[in-house]
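Below: the structure, in structure tokens.
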Amino acid sequence: RPARILVGFAAGGTGDLVARTVAEVAAPRLGQPVVVENRAGANGMIAAEAAARAAPDGLTMLMCPTGNM
């Protein structure tokens, strides 16, 4: 399965651009694809909730403001 980076904001924003840059660098180092998923809404809490409910397999990362933590 590919690794995922959940972004709490819409595509094209700063968080999305940073996540895509990280995914591009991380994919060859991890030896597997890294997919960026934008889950906009509720000031990033929708993505944070999805990350909290993800399987504990180490394949899901979250990019959000520190206030969501």
Rg ratio (alpha-carbon, reference 2.2 N^0.38 Å) - the chain: 1.04
The chain - percent of accessible surface contributed by carbon and sulfur, probe 1.4 Å: 60
Relative contact order, percent, the chain [alpha-carbon distance under 8 Å, six or more residues apart]: 44
Accessible surface ranking that places the most exposed of Thr21, Thr60 first, with a 1.4 angstrom probe: Thr21, Thr60
Under-5 Å amide H pairs with Ile5, H placed in peptide plane, nonlocal only: Val35, Val36, Glu37, Met61
Helix 14-30 vs. the chain, principal-axis angle (Cα, 0 to 90°, nearest 10): 20
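The values are calculated or read from the model by the stated rules, or taken from the named source; none is laboratory data. Nothing here was measured: the structure is a model prediction, and the numbers come from that model. These area figures cover heavy atoms from the full protein model, side chains too; ligands, DNA and RNA do not enter into them. Shrake-Rupley method; radii C 1.70, N 1.55, O 1.52, S 1.80 Å.
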